[in-house]
Structure formats: structure tokens, C-alpha cells
1. Give the residue, chosen from Asp204, Asp217, that is surrounded by fewer than 17 Cβ atoms within 10 Å (Cβ to Cβ) and over 15 Å from the mean Cα position of the chain (by Cα).
2. Are any of the residues in the range 76-89 touching a Ser or Thr at 6+ places or on another chain (Cβ under 8 Å), within 27 Å of His194 (Cα to Cα) and among the small types (Gly, Ala, Ser)?
3. Please work out if Ala173 is at pLDDT 90 or above and more than 26 Å from Arg6 (Cβ to Cβ).
4. Restricting to the range 5-64, count the residues that are of a type in the set (A, V, I, L, M) and assigned to a strand (DSSP E or B).
5. Would you check if Leu246 is of a type outside the set (D, E, K, R), in a helix (DSSP H, G or I), at pLDDT below 95 and farther than 28 Å from His88 by Cβ?
6. Given (1) free of Cβ contacts under 8 Å to residues at least 12 places away in the same chain; (2) among the small types (Gly, Ala, Ser); (3) in contact with a strand residue (DSSP E or B) (Cβ under 6 Å, 6 or more places away or on another chain), identify the lone condition not met by Ala127.
7. Taking the range 91-115, which residues are touching a helix residue (DSSP H, G or I) at 6+ places or on another chain (Cβ under 7 Å) and loosely packed, with under 14 Cβ neighbours inside 10 Å?
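The values are calculated or read from the model by the stated rules, or taken from the named source; none is laboratory data. All figures in this text were calculated on a predicted structure; none of them were measured in a lab. Counting neighbours? That spans all protein chains shown, and the Cβs are built from the backbone with ideal geometry, glycine included.
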Amino acid sequence: MDDCPRLEFRQATRRFDGISAVDHVSLAVAAGAFVALVGASGSGKSTLLRLVNRLDACDAGCVAIDGRDVLGMDLVQLRRRVGYVFQHVGLFPHMNVAENIAVPARLAGGPPPDIAAALARVELSPAYAGRMPAQLSGGERQRVGVARALAGEGNLLLMDEPFGALDPVTRDAIGRTLRRLHGALGLTVVMVTHDMGEALLLADRVLVMAGGRIVADATPREMLAGTAGPEADALVRVPRDQAARLAELAR
């Protein structure tokens, strides 16, 4: 994990119309970690993520990668280094799969990526290279989105509700692929999700946001043990109650 980046938020603050969407957040994400960021809608999760690759900017404090403030980095190189996966993927509809995957390298002026290798990472065959986004299922489009995010050879991956629009079976399959890639490629991953069960199963560390602040920071085991605080307990209660109800139905 020596080549993995360390990500830091140092009193990071972002305000909109005088309201702090991100309120003096300080935290460090270790190199090679897989962190899930959870919380109610409007808690600041996506805004916090957007501060990393400068889709948004701090009003106070800063975000640093390997000790370097992202505001001091060349924007193209920053975004080539930091992969970003959106819920709705954002593939260019007029470009085929290969062209979409090559976009980050083209924008950065670097050599084109190995498309076959990029597709293999996300368990798609080379035959997908010539297909248009409209010809893909939702799960296939999201796999291409992950392939594109990793095509810049960066090892920091940000994911904003990446599986939210997918059916449960596809969501689970892509989650397993992501967890495999995390280990195989030595990635540092920060994933925003509304699904607490997903956070507990995929991440090594779970952060809970409320009112623009981090209100809980614990391992999945600590979350399940009820030692992470009331906000975390309220979120964990949902998958726990669902599991109990399913067990009752199975009797």
C-alpha cells in the first residue's frame, strides 16, 4: 500500500447561503482504506466528497492528498489521479465504451489506456468496447463508469451513491467487484451510500454525517456492537430489523 494516497480534511468547511453543508470537518483517511460515508439526505456527504477533486471548494480549511492542498494541484492532473464515480454514471451518450473510458487520459494529454485491460478489471469482455451507452444495462454502464474512473491509473477512488439506481442483485455483484478491485489494485476508496447494510459489508471504516459534521467514526463491528453512538445506532437498526423480519418470514 506504499503507493496509496492519504486523504485529509483539515477543518474543511463549505457554506451555502450562510448554512454550513460541511462544518469544520477534520479527519484522515489512511492509505489503502475503504471508507463508507453514510447519513441522512442533506447531511453533507456528497458535498464533502466533491471538495476532494474540486467539483466544489472549501470556504475555510482545506483538503489534502499526501499532505498537499488540492487547491495547489493542477486540476487536470488532480482529476486524472482521483477517480470519481457518480450514481448516474455520466457516460457520454455519443461516445462508445472505449471512447468513454479513454476520456480522462485524453483530457490529461496522456497515452490512451489499454481498453481491454480496463474492461477486464470490471469483468466485462473486450466486445463491449464498441458498444454505445444506450446498448448497456444499468449495471454494465456502472461497470464502465468504474473502468473509466480507474483508467487514469490513479489510486484514490471517490464514489457518490454508485449503486443507488441498480437492482439488488446487480448492486451486490458490483459491490463484490469493487471490493476485489480495492485489494487487487491497492486503492484508497471513499464511498457515499444511503445503504447502511452496504456500508457495513464493503467498508473497513464507516463515517456517519449529520448537520455537516462527522458524528460517528467506527469499524463495522463497532457499529454493530452499538458502541458508535446514537446516530450510528439509528442507521444500523434498519438492516438489523430487516434481517429479523426476513428471518421471521422464513420460519
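1. Numbers: Asp204 fails: over 15 Å from the mean Cα position of the chain (by Cα).
Only one candidate qualifies: Asp217.
2. Pass one, the range 76-89, residues touching a Ser or Thr at 6+ places or on another chain (Cβ under 8 Å): none.
There is no residue in the range 76-89 that is touching a Ser or Thr at 6+ places or on another chain (Cβ under 8 Å), within 27 Å of His194 (Cα to Cα) and among the small types (Gly, Ala, Ser).
3. Numbers: at pLDDT 90 or above: yes; more than 26 Å from Arg6 (Cβ to Cβ): yes.
Yes: the conditions hold for Ala173.
4. Step one: filter the range 5-64 for residues of a type in the set (A, V, I, L, M), giving 7, 12, 19, 21-22, 25, 27-31, 33, 35-38, 40, 48-49, 51-52, 55, 57, 60, 63-64.
Checking the rest, the ones that are also assigned to a strand (DSSP E or B) come to 7, 12, 19, 21-22, 25, 27-29, 35-38, 60, 63-64.
Of the residues in the range 5-64, 16 are of a type in the set (A, V, I, L, M) and assigned to a strand (DSSP E or B).
5. Numbers: of a type outside the set (D, E, K, R): yes; in a helix (DSSP H, G or I): yes; at pLDDT below 95: yes; farther than 28 Å from His88 by Cβ: yes.
Criteria met by Leu246.
6. Checking Ala127 against (1) free of Cβ contacts under 8 Å to residues at least 12 places away in the same chain; (2) among the small types (Gly, Ala, Ser); (3) in contact with a strand residue (DSSP E or B) (Cβ under 6 Å, 6 or more places away or on another chain), the one that fails is (3).
7. Phe92, Pro93, Leu107, Pro111, Pro112
Let's see how each residue does on (1) within 16 Å of Arg143 (Cα to Cα); (2) of a type in the set (Lys, Arg); (3) in a helix (DSSP H, G or I):
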| site | (1), (2), (3) |
| --- | --- |
| Gln87 | yes, no, no |
| Gly90 | yes, no, no |
| Pro93 | yes, no, no |
| Glu99 | yes, no, yes |
| Val103 | yes, no, yes |
| Leu107 | no, no, yes |
| Pro111 | no, no, no |
| Ala118 | yes, no, yes |
| Leu124 | yes, no, no |
